[in-house]
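What follows is a single structure, written as structure tokens, with notes after it.
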Amino acid sequence: QVQLVESGGGLVQPGGSLRLSCKTSGSLFRLYAMGWYRQAPGKQRELVASITSYGTTNYGDAVKGRFTISRDNAKNTVLLQMNSLKPEDTAVYYCNAHLGTADSWGQGTQVTVSS
């Protein structure tokens, strides 16, 4: 199972930007499909964005046009650039690594959008 460590969360005003980073362990990063999910209090965890091993991306409807996911296979890292943040983006954001039938999760990083 791969180890995932997220960073980059924090408090930001509406309209601001944050960049989340997820660094993974191991030598098979390039084979993993990577994703970012989020969970707000009282709500189910939802997909924010994902990127396949080939670089194909997919976004949740709520973040399309504002968030961008990317990966750096040389650094075993996946990034989530979040622009035009809204209060409803407030949640704990989790990094996910998927390969075959195996899923690994990070510990989560809090993102709070508030004035």
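Here are a few things to note about the model shown:
- For the chain, projected area of the alpha-carbon convex hull averaged over all directions, nm²: 6.7
- Listed values for the range 101-111 are Karplus-derived 3J(HN,Hα) couplings in whole Hz (6.51 cos²θ - 1.76 cosθ + 1.60, θ = phi - 60°), namely 9, 9, 10, 10, 10, x, 7, x, 9, 7, 10, and x replaces Gly and Pro.
- Cα-based convex hull volume of the range 51-90 per residue, rounded to whole Å³: 73
- Counting only Cβ charges, +1 for Lys and Arg and -1 for Asp and Glu, the dipole size of the range 15-108 around its Cα centre is about 180 debye.
- In percent, rounded to a whole number, the relative contact order of the chain is 37, using alpha-carbon pairs under 8 Å and six or more apart.
- Heavy-atom accessible area for residue 72, with the other protein chains in place and a 1.4 Å probe, reaches approximately 60 Å².
- Over the C-alpha atoms of the range 1-50, the Rg to Rh ratio, Rh being the Kirkwood estimate, stands at 1.02.
- Protein-only accessible surface order, largest first, of 88, 46, 6 at 1.4 Å: 88, 46, 6
- Annotation for the range 32-61 versus the range 74-106: alpha-carbon center distance of 6 Å.
- Close amide H pairs (under 5 Å, H built 1.01 Å from N) link residue 86 with 15, residues at least 5 positions away or on another chain.
- Accessible area, probe 1.4 Å, largest first, for residues 5, 12, 111: 5, 12, 111
- Net +/- balance of residues flanking residue 52 in space, Cβ distance below 14 Å, scoring K and R +1, D and E -1: +2
- Net charge of neighbours whose Cβ lies under 12 Å from the Cβ of residue 66, counting Lys and Arg as +1 and Asp and Glu as -1: -1
The values are calculated or read from the model by the stated rules, or taken from the named source; none is laboratory data. Predicted, not measured: the structure shown is a model, and the values here were computed from it. Note that each Cβ is placed from the backbone with ideal geometry, even for glycine, and that neighbours are counted across all protein chains shown. Heavy atoms of the whole protein, side chains included, go into the accessibility calculation; ligands, DNA and RNA do not. Shrake-Rupley method; radii C 1.70, N 1.55, O 1.52, S 1.80 Å.
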